[in-house]
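A.B. asks: Please read through the structure below; I'll follow up with questions.
The values are calculated or read from the model by the stated rules, or taken from the named source; none is laboratory data. In this text the structure is predicted, and so the values were computed from the model without any measurement. No Cβ is skipped: glycine too gets one built from the backbone with ideal geometry, and neighbour counts run over all protein chains shown. Accessible surface areas use protein heavy atoms only, side chains included; no ligands, DNA or RNA. Shrake-Rupley method; radii C 1.70, N 1.55, O 1.52, S 1.80 Å.
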Amino acid sequence: MTSKPTLWKNPIHLLAFGFGSGLSPKAPGTMGTVAAIPFYLLMQPLGIWQYSLILLITSTVGVWLCDKTSKDLGIHDHPGIVWDEFCGYWLTMLAAPTGWLWVLYGFILFRLFDIWKPWPISWLDTNISGGLGIMLDDIVAGCLALLVLQATVFLLDIRVCHIVNVL
């Protein structure tokens with residue numbers, strides 16, 4: 001396990017460990033997702049193209065960060081590596097409506113898919129190794145959570161329009 005002094009000195013480990021959030025003794029993945037929220041709030045006002053570009057860059061760099069850190073530690077998918085949670089949550093929140101209710105809803109959806117690991121997430125988690133494997137299961141969890149969040153937005157919009165038309 002990486003020590004705190006080593007973590008703070010190595011920028012690769014610092015990012016992979018979510019600026020230290022992955023050092024949480026309990027639920028490091030959940031703490032990593034919590035730590036991703038302020039960054040999401042900074043990115044939220046961006047246009048869809050800028051947001052998507054940041055997501056693409058952070059996810060691509062994340063494959064390398066997670067691979068390098070896991071090799072340095074000698075542990076594949078160390079629980080403290082939470083950069084994948086950052087990117088998975090940010091993907092969940094792509095084009096999400098504003099407001100704390102949506103931030104929380106996206107958080108819950110992403111954590112459910114990341115913990116539950118329905119197929120194909122479970123298959124990816126056990127069959128793809130290295131940095132790509134670390135990142136990919138969370139990216140797919142983020143995709144599934146994104147679909148549910150956007151479906152909820154769509155259904156609520158239809159309900160609101162229907163109610164307004166009836167009135």
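A.B. asks: Once the Cα atoms of helix 100-116 and of the chain are each reduced to a long axis, what angle between those two axes, in degrees from 0 to 90 to the nearest 10, is obtained?
C.D. replies: With both axes taken from Cα atoms, the answer is about 50 degrees.
A.B. asks: Place a +1 charge on the Cβ of each Lys and Arg in the range 34-155 and a -1 charge on the Cβ of each Asp and Glu, then give the dipole magnitude about the Cα centre in debye, rounded to the nearest 20.
C.D. replies: So the dipole magnitude of the range 34-155 works out to roughly 200 debye.
A.B. asks: Taking the Cα centre of the range 1-92 as the origin, how large is its charge dipole in debye, to the nearest 20, when only Lys and Arg (+1) and Asp and Glu (-1) carry charge on their Cβ atoms? Don't skip to the end; give the middle numbers.
C.D. replies: On the way: 5 positive and 5 negative charges, 49 e Å.
It comes to approximately 240 debye.
A.B. asks: With every protein chain present, what is the per residue accessible area of the range 111-158 (1.4 Å probe, Å²)?
C.D. replies: Averaged over the residues of the range 111-158, the accessible area is 53 Å².
A.B. asks: Using the Kirkwood formula over every pair of different C-alpha atoms, what hydrodynamic radius in Å results for the range 1-101?
C.D. replies: With all distinct Cα pairs of the range 1-101 included, I get 13.8 Å.
A.B. asks: Before rounding to the nearest 500, sum -39500 (n - 2.57) across all DSSP H runs of length at least 4 in the chain and divide by the residue total; then give [θ] at 222 nm in deg cm²/dmol.
C.D. replies: Working: 8 runs with 125 residues, N = 167.
Calculated at 222 nm, the ellipticity per residue is -24500 deg cm²/dmol.
A.B. asks: Taking the Cβ-Cβ separation of Leu73 and Leu132 as r and a Förster radius of 22 Å, what is the calculated FRET efficiency to the nearest 0.05?
C.D. replies: For R0 = 22 Å, the calculated efficiency reads 0.80.
A.B. asks: Tell me, what % of the accessible area of the chain is carbon and sulfur with a 1.4 angstrom probe?
C.D. replies: Working: 6650 of 8980 Å².
Accessible surface attributable to carbon and sulfur in the chain totals 74 percent.
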